[in-house]
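To start, the structure itself, in structure tokens.
The values are calculated or read from the model by the stated rules, or taken from the named source; none is laboratory data. Given the structure is predicted, the values throughout are model-derived calculations rather than measurements. These accessible areas exclude ligands, DNA and RNA; they are computed on the full protein's heavy atoms, side chains included. Shrake-Rupley method; radii C 1.70, N 1.55, O 1.52, S 1.80 Å.
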Amino acid sequence: MAAGTLREVYIVDAVRTPVGKYGGALSGVRPDDLAAHVLRSLVDRSPRLDPGRIDEVVFGDANGAGEDNRNVGRMAALLAGLPVTVPGSTVNRLCASGLEAVVQAYRAVAVGDASVVVAGGVESMSRSPWVLPKPERAFPAGAPPVYSTTLGWRMVNERMDPAWTVSLGEGAELVADELGIGREAQDRYALASHAKAARAWREGRYDAEAVPFPGVELERDESIRDGGDLASLARLRPAFRAEGGTVTAANSSPLSDGAAALLLTDAAGLAATGREPLARVRSAAVTALEPQMFGLGPVEAMGRALERAGRTFTELSVVELNEAFAAQVLGCLARSPELDPSVVNPRGGAIAIGHPLGASGARLAGAVAHQLAEAGSGVGMASLCVGVGQGQALVMEP
């Protein structure tokens, strides 16, 4: 390839499991099996593609402390029955791990290091283990500390600034404080997310991407609540601040289980599939800010990705912006006044659908690709905030 030239990168297909709630329908399924399922489903939907042509499998995974250890991307490829000659890797950018996998696949194809790549993400928050550190000395007298790996900080380095290691929920409260986002606004946003997600499933909007796990009775995202009202949400206690808190379980994303995968190719790989692509990747960006303000991470990432694509906020027709917390999404919208809220999460977001950490970024990218393919035009973007203060975004067009 000539210096300075990049290949066109196509998203050929994208699939995901319906998202299970914590301790719910998917809690009996290992994360490596979830990953293998979406990978196998994706490959089966392109029967003309020789699986041996896949140059790499990249999966995002935010935990990696349990059954998803030992490089779950490679494990998924083996469990899915791909040829043993297909490599696999696993990446971790916490909540954006699945999108990081897509970005790495995009870069590999764009520069000519690969022709066909599967990128995805997986998380089973239900099955995330408890862990304990090794003792500092022999024969300790007391019981060792035990940490849950489901979510958030553990084994924190004492040299880390305490302001940076607040809980994710407290970080959402800080965003609400800074931008004056009240409890009612957050609850209204949460109700709208559930209503949009329920309507999207009723109308079959997710049928093209949903691949239920065999033997599990879960045909749609498990955490979606049909109905609900502002008064019932208002009765819930704040989850992170006892006094004056606004962030509750209802206006936050739930703990979840799920997996997603996308097929990315260059022109030669696309021809091998015999299919029309859903979308083309145009640009990507990742940025960082103060860890405790992680919720606002997408703002700069979205702007930078659009600039690299030669596009503006006003040209966006669909945006999938991860709903870690209602306060966080509303904060990003407040800091991005050119972004039309009506194009953001038109089919509901993570508050309703769920947020299986390592899978969410891949789910969002796939959702944008499918919506662009349906419309046949427009500019789409997937973006997430990231714990410890980062933001990531990916821009696509049909």
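Cα extents for segment 173-331 along the principal axes, largest to smallest and rounded to whole angstrom: 59, 43, 26.
Computed 3J(HN,Hα) for segment 322-329, one whole-Hz value per residue from the Karplus formula 6.51 cos²θ - 1.76 cosθ + 1.60 where θ = phi - 60°, is 4, 9, 4, 8, 4, 4, 5, 5, glycine and proline marked x. The H on the amide N of Ala279, modeled in the peptide plane, is under 5 Å from the matching H of Ile11, each at least 5 residues off or on a different chain. All Cα-Cα separations within segment 113-153 were binned at 10 Å from zero, giving a P(r) of 20, 30, 22, 17, 8, 3, each value a whole percent of the pairs.
Counted over the chain with a bin width of 10 Å, the fraction of Cα pairs per bin, in whole percents, is 5, 24, 34, 24, 9, 2, 0.
The spacing between segment 242-258 and segment 316-381, judged by their C-alpha centroids, is 19 Å. Volume per residue for segment 249-392 equals 113 cubic angstrom (convex hull of Cα atoms).
Pairs of Cα atoms in segment 49-88 fall into 5 Å distance bins, from 0 up to the last occupied one, in shares of 6, 26, 32, 19, 11, 6, 1 percent.
Take every pair of alpha-carbon atoms less than 8 Å apart whose residues are at least six positions apart; their mean separation over the length of the chain yields a relative contact order of 27 percent.
Comparing Thr90, Thr265, Thr287 in a Gaussian network model of the chain (Cα springs below 10 Å), the most mobile by mean-square fluctuation is Thr287. Using a 1.4 Å probe on the protein heavy atoms, what percent of the accessible area of the chain belongs to carbon and sulfur? Roughly 52 percent of what the probe reaches on the chain is carbon or sulfur. A 1.4 Å probe run over the chain, with the rest of the protein chains in place, finds 41 Å² accessible per residue. Would you look at the GNM of the chain, springs on alpha carbons closer than 10 Å, and say which of Gly228, Gly98, Gly349 moves the most? Result: Gly228 has the largest fluctuation of those listed. Taking Val319, Val19, Val156 as the candidate residues, the one with maximal mean-square fluctuation in a Gaussian network model of the chain, Cα springs under 10 Å, is Val156.
The Kirkwood radius of segment 236-280, taken over pairs of alpha-carbon atoms, gives through the Stokes-Einstein law at 20 °C and 1.002 mPa s a diffusion coefficient of 144 µm² s⁻¹.
Mean residue ellipticity, 222 nm, helices only, the chain: the sum of -39500 (n - 2.57) across DSSP H runs of n ≥ 4, divided by residue count and rounded to 500, is -9500 deg cm²/dmol.
With N the number of residues in segment 1-160, Rg(Cα) / (2.2 N^0.38 Å) evaluates to 1.23.
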